[in-house]
Amino acid sequence: MTQVPMEHDHHEAGLHGHDVHDAHHDHPKELGHHWDNLNQQFEAGKLGMWLFLATEILLFGGLFCGYAIWRGNHPDIFAYGSQFLSVKWGAINTCVLLLSSMTMAMGVTMAQRGNKPGLIICLVLTLLGAFGFLGIKYVEYSHKFHEGLLPGIAFYEKPSDSHIWVEIEEQAGDQQETSIATDVAESKEEAELQMARADLPVMPAAEATTNEPAAIGPSGLNQSRVVQEEETYRVFYKEGRIAAQEDQAAMAEYAEHPEEAMRELEKHPLQDPDRPPNAQKFFTIYFLMTGLHGIHVVVGVIVILWLIYLTFRGRFSPHYYTPVDCGGLYWHVVDLIWIFLFPLFYLI
Amino acid sequence: MTTIPVPPSQPVTPELARDNYLTYTRGIWSWLFTLDHKRIGVMYLCGVLSMFFVGGIFALLVRTQLLTPEGAVFNDNANYNRAFTLHGAIMVFLVIIPSVPAALGNFVLPIMLGAKDVAFPRLNLFSFWLWMAGAVFFILVLVNVDGGLDTGWTFYTPYSTTDGMAFGGVLWAVIGVFILGFSSIFTGMNFIVTIHRLRPPGMTWFRMPLFLWALYATALIQVLATPVLGITVALLFMERLFGMGFFNPALGGDPVLYQHFFWFYSHPAVYIMILPAMGIISELISVHSHKHIFGYRFIAFSSIAIAVFGFLVWGHHMFTSGQSQLINVIFSAITFSVSIPSAIKVFNWLATLYRGSISLNTPMLYALGFIVIFAIGGLTGLHLGTLATDIHLHDTYFVVAHFHYVMMGSALIAMIGGMHHWWPKMTGRMYNENWGRFGFALVFIGFNVTFFTQFALGSQGMPRRYATYNGMVLTDLYHLYHVISTIGSYILALGFFVTAGYLLHSIFAGKRAPDNPWGGRSLEWQCTSPPPHDNFKEAPTVGDCYDYSVLEWDESQQGYKWREDIERPGNPHVSGKDGHA
């Protein structure tokens, strides 16, 4: 507890307008009329902030819970979808956010010491971190949007500006050469080709999954051939294909050169016959969770701007810096949630 | 501590009457932008009661429709669906959940605690404005924007997410629910911090009136459960608007996941409704029996126990949803365990009544009515918590009767009882006791005729939410029960109109209320009626709030006063002259 009750020697009675009644002459101006002293007010503010942060965690808790259930039921979707995220940008963003959390913590210390220039520098650095994070997020999101890697039903529309989308004529030619030898893959490609001939954006084949028989594509797709897969472990190797466990050659190749196999996708998911059913679920939960987190970062930007404004106005002192402390707590929680999001989506 | 002793027997002086919170400042804006918890509480009360009126109209429409097997009101079944959906959604989200904590709690909590205000007055005002905004969204649904709302108050998927199955009003309603959720969260945060940080000297945790314990337990649930509802309806919104597929099996989603998310909030929400009601009853029973509450600690801890258990029983709403038998058994067992702390409370209230000096004032009648109704509502809950009987009773009128006994008959009856109890304090006026007792009799009889019949109706297999019931095997039997139930609902409505009538009359023509009309010992009865703007000039010193031996009847002001032969520990009275600089 670093705060001491302020001496009641201020006579700037309530001009900041708590209410018309705020005319207690023995109160410092920051002190609400219903508090005995600044320390009591500070402790209450902190307690309120912690409760609010608990509600924030629970708000995200629903989404984390949804993530856990979906991942538990369909690990293949998450293994497949996470290839499309850039670990590089994610890692940079994690560093940016961690650094901004550090500058925020330094800012609180500056406020406690009454170092106004230091506080402003720290808050501005934190603000830069927040903008950096949002900028990188913008790069990532716009890439996903151009590739059509979108949540929900929008996933099944042809991408607007894709690097890996193959036009239908080329695709038909390619598939002759690259078709793989198993019956399973052949039948899938047949379904794929049929849809390609119909000149439609390629929609998910209705397939039974390894775990859940309930997973089928959007309505209207149930006519395509249902393929019951055996229990297999899937690995990804180059060309974005999925090999069955029995495919020893592919396994061996993957074991020797995993980074090469994972190198780069050459197939758009909509054109990939080995895409797991309902692959859009990964992007649904990805956009929901990072989107809600992004909204919190935007709110954080507003909070930091407000803190900078108040600092310029000289509202903080070693006796009164509750808003800085609470804003800092909020920023740390935003950071903390990202610390969980990054590995859950990008790494595992 | 400097106190300004003013004898409580001092009659209401003109200065005091002028210096109360109602007349402190004037004009509509001084109300809408007030930071005074008492005014915010009164505004909540007005809002909640208006919405209670609207929800009640829908209830009467629903009951009237069922007068005949073919349906007496709506020629379109979708309109019946709209009516019962709006009845449920308005009553739950806009009436019962904010009724006790936000309306009565806001008014009473800081005064009872001995504080000048809640911890965060601005947040309190903000939460009231959020409530208003949420109400606006429901009014939009009410006027059938985008076709209105017909999913039932639970917004179950896939009804709520599939185009053509539900009307577009779902979108508006879930925005409203989201906003109302945050209103509730902020109220809860405010109460928790207030109780932790604003207790005056002597107000230890175990000297707090039990209403405060109940509000504290409620606030914990509000803070911990409501965010999950927030994210659930946010997901529903995204699903509906963008086809996210979170709950849509065609896109790999899971509709039962929605039920889990929804009930994870909405079962604890049942305790948001009933816990503060129980707190009111603890106060009413003790004050109007003029006897120390029996088993104080047990009642206090049972509130916390109910709050904790309340988080672990949501699955009993989903026994027939296809969840695993093991989970069903576990949820059933935990459900039964909730009845233990509930029964502890009931037995403690009965023990408090035993050999008490009972005054059958209107609030006390509501409290006694509560005990009867809650006992029936609680015990029929056991039928529904039992797996075997629940299969038969699920989605019948038995369920309807059960939750009306608990949510309406218990939570709202307690709220109305509490309103009568604190009415003199809020308005400074006494209502007519005889009309009060008559109104209670109508409400109590009307309620039981309406809903006890429905237990019989449900056990005979009448499903809930049916617009018509002609052509069934038992149509004649159902018809008889429905007619009785509808007549009961008219008696109930008459009771509420009588109540509204004499309460409104009292505001304009009621006798001036004494400071302590019932003989309460908690701090709000030591303020003037109505209380001054600041509640307490200095933080008061607090003793045992259930020790009534220090009070005696004062004929001159028709209220109770502190006995002159006993020294007061500290005087929370605010002087009329010195009240405001």
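The values are calculated or read from the model by the stated rules, or taken from the named source; none is laboratory data. Only a predicted model underlies this, so the values are computations on that prediction, with no experimental measurement involved. As a convention, Cβ positions derive from the backbone with ideal geometry for all residues, glycine included, and neighbour counts pool all protein chains shown. The area values use the complete protein model at the heavy-atom level, side chains included, leaving out ligands, DNA and RNA. Shrake-Rupley method; radii C 1.70, N 1.55, O 1.52, S 1.80 Å.
More than 30 Å from B:Leu109 (Cα to Cα), under 19 Å from the mean Cα position of the chain (by Cα) and at pLDDT 90 or above - does that describe any residue in region B:85-93?
Within region B:85-93, one or more residues are more than 30 Å from B:Leu109 (Cα to Cα), under 19 Å from the mean Cα position of the chain (by Cα) and at pLDDT 90 or above.
Taking B:Arg197 as the residue in question, decide whether it is within 12 Å of chain A (Cβ to nearest Cβ) and open to solvent by 40 Å² or more (accessible area, probe 1.4 Å).
Yes, satisfied.
Filter region B:100-138 down to the residues that are within 13 Å of chain A (Cβ to nearest Cβ) and open to solvent by less than 10 Å² (accessible area, probe 1.4 Å) and list them by number.
Residues satisfying the conditions are B:Leu109, B:Pro110, B:Ile111, B:Leu113, B:Gly114, B:Ala115, B:Asp117, B:Val118, B:Ala119, B:Asn124, B:Ser127.
Looking at B:Tyr216, B:Tyr258, B:Tyr271, which one is in contact with a helix residue (DSSP H, G or I) (Cβ under 6 Å, 6 or more places away or on another chain), more than 9 Å from chain A (Cβ to nearest Cβ) and either surrounded by fewer than 23 Cβ atoms within 10 Å (Cβ to Cβ) or at pLDDT below 95 (or both)?
Of B:Tyr216, B:Tyr258, B:Tyr271, the one residue that is in contact with a helix residue (DSSP H, G or I) (Cβ under 6 Å, 6 or more places away or on another chain), more than 9 Å from chain A (Cβ to nearest Cβ) and either surrounded by fewer than 23 Cβ atoms within 10 Å (Cβ to Cβ) or at pLDDT below 95 (or both) is B:Tyr271.
Quick one: is B:Gly176 more than 9 Å from chain A (Cβ to nearest Cβ), free of Cβ contacts under 8 Å to residues at least 40 places away in the same chain and open to solvent by less than 10 Å² (accessible area, probe 1.4 Å)?
Working: more than 9 Å from chain A (Cβ to nearest Cβ): yes; free of Cβ contacts under 8 Å to residues at least 40 places away in the same chain: no; open to solvent by less than 10 Å² (accessible area, probe 1.4 Å): yes.
It is false that B:Gly176 is more than 9 Å from chain A (Cβ to nearest Cβ), free of Cβ contacts under 8 Å to residues at least 40 places away in the same chain and open to solvent by less than 10 Å² (accessible area, probe 1.4 Å).
Hey, among B:Ser160, B:Ser184, which residue is in contact with a strand residue (DSSP E or B) (Cβ under 8 Å, 6 or more places away or on another chain) and open to solvent by less than 30 Å² (accessible area, probe 1.4 Å)? Quick ask: steps written out before the conclusion?
Numbers: B:Ser184 fails: in contact with a strand residue (DSSP E or B) (Cβ under 8 Å, 6 or more places away or on another chain).
Exactly one of B:Ser160, B:Ser184 is in contact with a strand residue (DSSP E or B) (Cβ under 8 Å, 6 or more places away or on another chain) and open to solvent by less than 30 Å² (accessible area, probe 1.4 Å), namely B:Ser160.
Scan region B:425-481 for residues that are under 24 Å from B:Ile373 (Cβ atoms), open to solvent by less than 10 Å² (accessible area, probe 1.4 Å) and charged (D, E, K, R) and jot them down.
Scanning region B:425-481 gives no hits.
Condition first: assigned to a helix (DSSP H, G or I) and either in contact with a His (Cβ under 6 Å, 6 or more places away or on another chain) or modelled with pLDDT under 95 (or both). Can you find one or more residues in region B:351-363 that meet it?
Step one: list which residues in region B:351-363 are assigned to a helix (DSSP H, G or I), which gives B:351-353, B:362-363.
Among the residues that remain, those that are also either in contact with a His (Cβ under 6 Å, 6 or more places away or on another chain) or modelled with pLDDT under 95 (or both) are: B:362-363.
Yes, some residue in region B:351-363 is assigned to a helix (DSSP H, G or I) and either in contact with a His (Cβ under 6 Å, 6 or more places away or on another chain) or modelled with pLDDT under 95 (or both).
Go through (1) out of contact with any helix residue (DSSP H, G or I) (no Cβ under 6 Å at 6 or more places or on another chain); (2) within 30 Å of B:Gly114 (Cβ to Cβ); (3) surrounded by 24 or more Cβ atoms within 10 Å (Cβ to Cβ) and name the single condition B:Met208 misses.
So the condition that B:Met208 fails would be (3).
When you scan region A:27-61, how many residues do you find that are of a type in the set (D, E, K, R) and either within 21 Å of B:Ala234 (Cα to Cα) or facing another protein chain (nearest Cβ under 9 Å) (or both)?
Going through region A:27-61 one residue at a time, the tally reaches 3.
Filter region A:67-76 down to the residues that are over 27 Å from B:Gly181 (Cβ atoms) and facing chain B (nearest Cβ under 8 Å) and list them by number.
Result: A:His74, single match.
Mind checking whether some residue in region B:42-60 is without any contact (Cβ under 8 Å) to a residue 60 or more places away in the chain and closer than 30 Å to A:His33 by Cα?
yes
Against the conditions (1) more than 14 Å from every other protein chain (Cβ to nearest Cβ); (2) modelled with pLDDT of 90 or more; (3) open to solvent by 10 Å² or more (accessible area, probe 1.4 Å), where does A:Phe64 fall short? Just the number, please.
With respect to (1) more than 14 Å from every other protein chain (Cβ to nearest Cβ); (2) modelled with pLDDT of 90 or more; (3) open to solvent by 10 Å² or more (accessible area, probe 1.4 Å), A:Phe64 is out only on (1).
Is it true that some residue in region B:420-428 is part of a loop (DSSP other than H, G, I, E, B) and either at pLDDT 95 or above or touching a helix residue (DSSP H, G or I) at 6+ places or on another chain (Cβ under 8 Å) (or both)? Show your work before the answer.
If we filter region B:420-428 for residues that are part of a loop (DSSP other than H, G, I, E, B), which is where we start, we get B:428.
Next cut, either at pLDDT 95 or above or touching a helix residue (DSSP H, G or I) at 6+ places or on another chain (Cβ under 8 Å) (or both) only: B:428.
The answer is yes; a qualifying residue exists.
For B:Thr151, which of the numbered conditions (1) closer than 30 Å to B:Thr34 by Cβ; (2) more than 14 Å from every other protein chain (Cβ to nearest Cβ); (3) touching a residue at least 40 places away in the same chain (Cβ under 8 Å) fails to hold?
Here B:Thr151 meets the rest and fails (1).
When the residues of region B:219-255 are filtered to those that are among the aromatic types (Phe, Trp, Tyr) and facing chain A (nearest Cβ under 8 Å), which remaining residue is least open to solvent (accessible area, probe 1.4 Å)?
B:Phe246
Please specify each residue of region A:140-192 satisfying the condition of being open to solvent by less than 80 Å² (accessible area, probe 1.4 Å), outside any helix (DSSP H, G or I) and modelled with pLDDT of 80 or more.
A:Gly148, A:Leu149, A:Leu150, A:Pro151, A:Pro159
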